[in-house]
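Note sheet for the following structure.
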Amino acid sequence: MSNHKRQRVDPFQLTIFGASGDLTREKLVPALFRLYQQGLLPDEFRVIGVGRTDLEAGKFARTLGQHLDDECEGWADFAEHLAYHRLDYDRPDDYTSLREMLRDGPGDAVRAFYLSVPPKAIIPIVDQLGRAGLAEHRSDDGIGPRVVVEKPFGSDLESARQLNQHLHTVLDERQIFRIDHYLGKETVQNIHVLRFANSIFEPIWNQKYVDHVQVTVSETVGIAGRGGYYDQAGAIRDMVQNHLMHLLCLVAMEPPNSLAPDDVRDAKVKVLTALRPIPSDCFRNDCIRGQYTAGSIGGEPMPGYREEEDVAPDSNTETFAALKTYIDNWRWSGVPFYIRTGKRMPARISEISVHFKPVPRVLFNTADAFARSRSARRPTGSLQPNVLSIRIQPNEGISMLFQVKVPGPEMAVEPFQMDFSYAEAFGRHPPDAYERLLLDVAQGDQTLFTRQDEAEAAWAFLGPILRECAGQKDLPLPNYEAGTWGPSEADELIENDGRRWTILRHRHRATDSGKDDTCPSTSG
């Protein structure tokens, strides 16, 4: 999706705010270390961890090494590029000393600041970076220092606009890298290649041939110790506004003029602005929310959401959301898009499935065909429509469900699943998303990052839904047991249209749920 040829990475210094957090320990530093092992980092680079804890640089490196396994080949050399700086987010003198520390680093190095911090800390940090002269442009750098901002980016349209306006008082839009790790996943990037590099798909990627599209992002985990945040956010803000909106855009967008960052992001914004608003009288039918209760996953008992730490005992926050929406443009007119996400579900799955229209029931599996058959075998009913499934995780790959004749004298037709697996085709699993994204930050490539108008357009679509949800805060949410596929109302959402939720399992390798066949993922 980005530049087709990987450019050389210039010397850089990456400063990570929130260096003692899980993201730094479990994702950012491991990703940088893997890049180092592959020889993809320049000889001159430095990673500076910033935090409020008074920590000696060597101990900081040892702590990270213990998490990674500091016996890994090359870790000792990589650790020499790690540094640490104690800093209080609202103390100007600490930013002055950080500026001096950066000046002592590699000369003419690109500077990037990764804000792995709570949302309320973003503006104070950016303001202090500006006052300390750490965000200013330089004549030899067309972009200037880069600032990476983690989601959530605002909590609604108004807060997102206010945050953007404030950031723009210090930073140019080209300096702001709003990160969503989903866009760095290899299988997400492959959506463009699948659609636009294969002539068999793009001609049928429209309302003439596509019956509907499903997007599923399910998690087996609960709120993972984030009760304080999640109880204020919920599934729509936490997952739909970013992850699912990105996937929807990529599967539905028009071919961009080029792979240049703004051309790709322009195409995504056109999808978001074409989303049909859900009328208020349809919220109960086209927007289903739910909350998990106690249950079990893989035989292990799981608590209900209201029993989780830092969650209000009477909380009405949704842990599941399913929507039906339409894209009102020429390509997708009349095609429903069903999206769903939830926590404490039976399997960890992220999948986009494009369901093509069924063939007329005139040749195969009909009573007339049965009468002409030389066998007593009865007809098997309507043919199952073709489905193209893009597995983002786990078992990353692509599956195609198509019809074949069953060997034998009768004309019996049944579906067969053809699979492509990244791990099996290339002998290894795709790289972690943060590896790609951190390289793009170093190179100033914003293709895989969210632009201001894209973030605001997603909030504009979801705003009326969130307002309606707020008005229903006293109404009990539909419940679903942990370990099931969501409330029964979500099944009705799609079944009322004569369809069903479907996941195409990877045929050659079991998924988290222990199943490896084509199956509906209903809650029943």
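Here are the numbers:
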{"quantity": "At most 13 other Cβ within 10 Å, DSSP loop - GluC sites (Glu not before Pro), region 251-346", "calculated": "E309"}
{"quantity": "Within region 165-211, chymotrypsin sites (Phe, Trp or Tyr not before Pro) in DSSP loop having at most 14 other beta-carbon neighbours inside 10 Å", "calculated": "F201, Y209"}
{"quantity": "Cα-centred dipole magnitude for the chain, charges only on beta-carbon of K, R (+1) and D, E (-1), debye, nearest 20", "calculated": "1820 debye"}
{"quantity": "Rounded D (µm²/s) - the chain, Kirkwood Rh over Cα pairs, Stokes-Einstein at 10 °C, 1.306 mPa s", "calculated": "64 µm²/s"}
{"quantity": "Members of K151/K268; K27/K151; K151/K185; K324/K357; K185/K268 lying beyond 20 Å, as alpha-carbon distances in this model show", "calculated": "none"}
{"quantity": "Electrostatic dipole magnitude of region 180-336 [Cβ: Lys, Arg +1; Asp, Glu -1; Cα centre; debye, to 20]", "calculated": "600 debye"}
{"quantity": "GluC sites (Glu not before Pro) within region 35-99, DSSP loop, no more than 11 other Cβ atoms inside 10 Å", "calculated": "E56, E71, E73, E80"}
{"quantity": "Point-charge dipole on Cβ atoms (K/R +1, D/E -1) for region 88-195, about Cα centre, debye to 20", "calculated": "340 debye"}
{"quantity": "Translational diffusion of region 12-150, µm² s⁻¹ [Kirkwood Rh, Cα pairs; Stokes-Einstein; 25 °C; 0.890 mPa s]", "calculated": "160 µm²/s"}
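Computed from the coordinates by the stated procedures, all read-outs in this text should not be read as laboratory data. Everything numeric in this text was worked out from a predicted model, so none of it was measured. When we count neighbours, we look across all protein chains shown, and the Cβ atoms used for this are built from the backbone with ideal geometry, even at glycine.
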